[in-house]
1. Using a Förster distance of 22 Å, how high is the FRET efficiency between Lys118 and Lys78, based on the Cβ-Cβ distance and rounded to 0.05?
2. May I ask you to derive the relative contact order of the chain, considering only C-alpha pairs under 8 Å and at least 6 residues apart, and to give it as an integer percent?
3. List the pairs from Lys41/Lys72; Lys78/Lys139; Lys139/Lys178; Lys139/Lys176 whose alpha-carbon separation is above 20 Å, in the order I gave them.
4. Could you sort out which of Lys53/Lys135; Lys53/Lys122; Lys122/Lys199 sit more than 29 Å apart by Cα distance in this structure?
5. Find which of Gln159, Ala36, Val111 sits farthest along the positive direction of the dipole of the chain, computed with +1 on the beta-carbon of Lys and Arg, -1 on that of Asp and Glu, about the Cα centre.
6. Please list, in order along region 148-165, the HN-Hα scalar couplings obtained from phi with the Karplus expression 6.51 cos²θ - 1.76 cosθ + 1.60 (θ = phi - 60°), rounded to whole Hz, x for Gly and Pro.
7. Which FRET efficiency, nearest 0.05, do Ser194 and Phe93 yield, Cβ-Cβ r, R0 25 Å?
8. Among 74-83, 123-132, what's the highest-first ranking by average C-beta atoms within 10 angstrom per residue?
Amino acid sequence: MTYIVALTGGIGSGKTTVSNSFKKLGINIIDTDIIAKNIIKYNFQVSESIKKKFGNKIININNSINRFLLRKYIFNNKNHRLWLENLLYPKIFQETKNEIKLIKSTWCLWVVPLLFEKKLEKKANRILLVDSPIKYQIKRVVERDKISLQEAKKIISLQATRRERRSMSDDIIFNKNKIKKTYQCIYYLNYFYSYLGYKYHQNKTKNINKNYLTKFY
């Protein structure tokens, strides 16, 4: 069983930058956003359920689901959002377990944006948070997703607060557009998690890591 480090953070915090950097170092990445995308695209029963629920407003010309329009639609309706999450998350978690079983390395990175919202924190050995000031999150999301300021703020308001995430995380990368410093943190953490993974396999205990806490600013 590999040592699991869960990577989380609010929308626009910089999770993709961090996970891609770990990937370049050869670390196995299990990304729930990618899993969800593949489920919506390739699972016929799921895609048909979504189309039936939301209709033509989220359908592309080629009859595929437009994930951008779908996300924009569900964030304006709590019941629709919960319906979609209840449809996807059991399948996402099952696929996560399937992928983890195939990993032979001492540790892997499990990217879970809604880790705390879905109460999955106990499924990981350790939690790495990418933390960013809300003003930076808003700026990145507006530029990346081409949405309004109000829409960006609405999405952020529906997620766990910075204080909640920080109180429940073991390690924190404070991302304030200082990419060189972020890369330095990632190199350190790779060695750190490799060590914890080695100790985990030696001691066969899930709590070996809790006396180590790191924060990078």
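1. 0.90
2. Relative CO of the chain lands at 35 percent.
3. Among Lys41/Lys72; Lys78/Lys139; Lys139/Lys178; Lys139/Lys176, the Cα-Cα distance tops 20 Å for Lys78/Lys139.
4. Lys53/Lys135; Lys53/Lys122
5. Gln159
6. Karplus values, whole Hz, x for Gly and Pro: 7, 4, 5, 5, 4, 5, 5, 4, 4, 5, 8, 9, 4, 6, 4, 4, 4, 5.
7. 0.45
8. 123-132, 74-83
We did not get these values from a lab; they are worked out from the coordinates using the rules stated. Fair warning: this is a prediction, and the values are worked out from it, not measured in the lab. Note that we place each Cβ from the backbone using ideal geometry, even for glycine, and neighbour counts take in every protein chain shown.
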